[in-house]
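*Asks:* This is the structure, below, for whatever I ask next.
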Amino acid sequence: MSSEIAIFASQVKKSFRKNPRHKEKFPVLNNLSLSVTKSQSIAILGPNGAGKTTFMKALLGLVFPDSGQIQIFSHPAGSQMARQRLGFLSELPLILDFLSRQSFLNHFASLISDAGHSKDNTLDTLIQDLIGNIPIDLPMSSYSKGMMQRLNFARVLQKDPELIFLDEPATGLDPIGQLNIVRIVNRLRELGRTIYVNTHSIDFALEAADRVVVLHQGRIVTDQMCKDISRSELENLFLGLDSIRS
Amino acid sequence: MKLPKLSLLVLKECIAKNVLGIHLFYIIVLFLLISFAQGAPDVFARRDLFLDGGMTVLFLFSLFFAMTVTFPMILLDLKENRLMIFLSTYVSRSRYVLHKALGAGITIALNHIILCILTSLSLYIVYETHPQWMFTVYWAIFLESLVLASAALFLSVTLSRFMAMMSTGFLFLIGHFTYYIEYYVNQLGNPLAGKIILNLYSLLPNFEVFGLKNAFLTAKTVPDFYILWLSVYASGWILVFLLGTCLWMEKKEF
């Protein structure tokens, strides 16, 4: 396995104001440090408000940390060099409801070429698997949520990213849709892509990742390889966090 | 020249949402205007009445269109979860703003051209005349639309939705109030207060400078350098608003 660092976060702190009118801030990320090597698949678990989304946004360059350092493949988060090497699948699919399947993919393909990115065709089969049964001519407004999510996954893959961020990718999908997402993520792992996934599902984390990190109140409470931790241990950990919260 | 894809997307989205359907309303308004002008005593009065009304309607349609296209442009991307994906994976923040603004500019220009063609055609068909100065007025209205659109874009990202709408409207109204401001300043009787008010006014875009219709209708000549100055003035304000939008977006968290 390559030892290049895909994600490097050191002592990241972020706090938000409780109310725009008040100066008082509450911390969301507390000195969070994390390092992910290339080709590793990492799942971030945690209760609501643990800081998972804020941390992902900071890695994507959408939120600026108060202090600390974040690098993506040794480039600052949010920089053009970092942006070129990553793909992002959000929880809510990106919808351009007036475009058909192919127009949608063509539009984003042209955005990639605008950015000067060269594409490797190794993922073409996977993309075809994803979009195979999505109607070619119909506009996106007529698609089901599963179709939209799969089309968005194809959008992410056509960029051929080395690092893929997935935010709750299976939320709202039926069991077959969820299984499909797990299958695609595992195929991407085989192809050596680095995967960073935010999820609430312990099963998804254990099935689709090499490593699992549990966040609570902006801190890492567990960071283990999936093979070293069982489902029941993770469940007990969550129940423990829940009792702290209540 | 290859247009950026984000700019084309703005145009495609407007076409898909039938935004350009406003031309049907415009044709109806032109018909009403022609029938209204028939009440005037002679053909010259009818023509001038139509020109006056036509230019006012064109001005209102163009400006309203410019605002409605630009105002939700970034807000919708934010609401519909597109902005995070565009900015995290595809384009830089400034590039996003500039490409979107270019798309809005093209859409506004396309709409304006269609409105101008409809106005000119109506005038030519009904009154068999077409004064040359109409092109100058068309250009001035287009410039004003772009200034207002860029102001709407800037305010839409910097303020809450309600405040942004109110502020854009306020900027438009106060920008057209400059015609009367000297009268009110004279009524004040306090030269210092008057000077302060006039200087404060010069910090805001003055939309009254684009109003060339009345000058032409009253047979006043508008020198060529004024049109050039007007273009530079509008470009300056557009640049200020776009730069402000880019700077704000660079600092904003999503």
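*Asks:* May I ask you to give the solvent-accessible area per residue for the range A:1-93, in square angstrom, as obtained with a 1.4 angstrom probe?
*Replies:* 45
*Asks:* While we're on this one: What figure in square angstrom, to the nearest 10, would you give for the accessible area of B:Arg161 with a 1.4 Å probe?
*Replies:* Rounded to the nearest 10, that gives 130 Å².
*Asks:* What FRET efficiency comes out for B:Glu250 versus B:Asp48 if R0 is 41 angstrom and r is the Cβ-Cβ distance? Round to the nearest 0.05.
*Replies:* Using R0 = 41 Å, I get an efficiency of 0.25.
*Asks:* Roughly how much of A:Phe64 is accessible, in Å² to the nearest 10, using a 1.4 Å probe?
*Replies:* Result for A:Phe64: roughly 80 Å² accessible.
*Asks:* Grab the DSSP H runs of chain B that are 4 residues or longer, score each as -39,500 (n - 2.57), total them, divide by all residues and round the 222 nm result to the nearest 500 deg cm²/dmol.
*Replies:* Mean residue ellipticity at 222 nm (helix-derived): -26500 deg cm²/dmol.
*Asks:* I want to check the label-to-label distance for A:Asp124 and A:Glu190. Put each point 7 Å from Cα in the C-beta direction and report it in nm to one decimal.
*Replies:* Each label point is offset 7 Å from its Cα along the Cβ direction, giving 1.9 nm.
*Asks:* Enter the angle in degrees (range 0 to 90, nearest 10) between the Cα long axis of helix B:224-251 and the first principal axis of the Cα atoms of chain B, meaning the one along which they spread out most.
*Replies:* Approximately 20 degrees, to the nearest 10.
*Asks:* Just to verify a number: FRET efficiency for A:Met225 and A:Glu4, C-beta to C-beta distance, R0 = 25 Å, to 0.05?
*Replies:* E between A:Met225 and A:Glu4, to the nearest 0.05, is 0.85.
*Asks:* Now for a separate question. Using 1/(1 + (r/R0)^6) with R0 = 35 angstrom and r between the beta carbons of B:His23 and A:Ile136, what's the FRET efficiency to the nearest 0.05?
*Replies:* It comes to 0.65.
*Asks:* Name the shape class, rounded, prolate or oblate, that the alpha-carbon gyration tensor gives for the protein assembly as shown, where a ≥ b ≥ c are the square roots of its eigenvalues, rounded holds for a/c under 1.5, and otherwise prolate holds if a/b is larger than b/c and oblate otherwise.
*Replies:* Prolate.
*Asks:* If you line up the long axis of helix B:133-158 against the longest principal axis of chain B, both from Cα atoms, how many degrees apart are they, to the nearest 10?
*Replies:* 30
*Asks:* To continue, here is another question. Give me the accessible area buried between chains B and A, both sides summed, with a 1.4 Å probe, in Å² rounded to the nearest 100.
*Replies:* 2500
*Asks:* A follow-up question, please. Roughly how large, in nm² to one decimal, is the mean projection of the convex hull of the alpha-carbon atoms in the range B:5-251?
*Replies:* Computed as one quarter of the Cα hull surface, the answer is 15.8 nm².
*Asks:* Of all accessible surface on chain B at a 1.4 Å probe, what whole percent is carbon and sulfur? Could the numbers behind the result be given before it?
*Replies:* Numbers: 9380 of 13110 Å².
Ligands and nucleic acids excluded, carbon and sulfur reach 72 percent.
*Asks:* Report, by chain and number, residues whose modeled amide H sits under 5 Å from the one on A:Val28, excluding near sequence neighbours (fewer than 5 apart, same chain).
*Replies:* A:Lys14, A:Ser15, A:Phe16
*Asks:* Sum up the charges of everything whose Cβ sits under 14 Å from the Cβ of A:Asn30, counting Lys and Arg as +1 and Asp and Glu as -1, but leave A:Asn30 out.
*Replies:* Net of charged neighbours comes to +4.
The values are calculated or read from the model by the stated rules, or taken from the named source; none is laboratory data. It should be emphasised that the depicted structure is a prediction, and the values quoted were computed from it without experimental measurement. Quick reminder, even Gly has a Cβ in these numbers, built from the backbone with ideal geometry, and neighbours come from all protein chains shown. Just the protein is used for accessible areas: all its heavy atoms, side chains included, with ligands, DNA and RNA removed. Shrake-Rupley method; radii C 1.70, N 1.55, O 1.52, S 1.80 Å.
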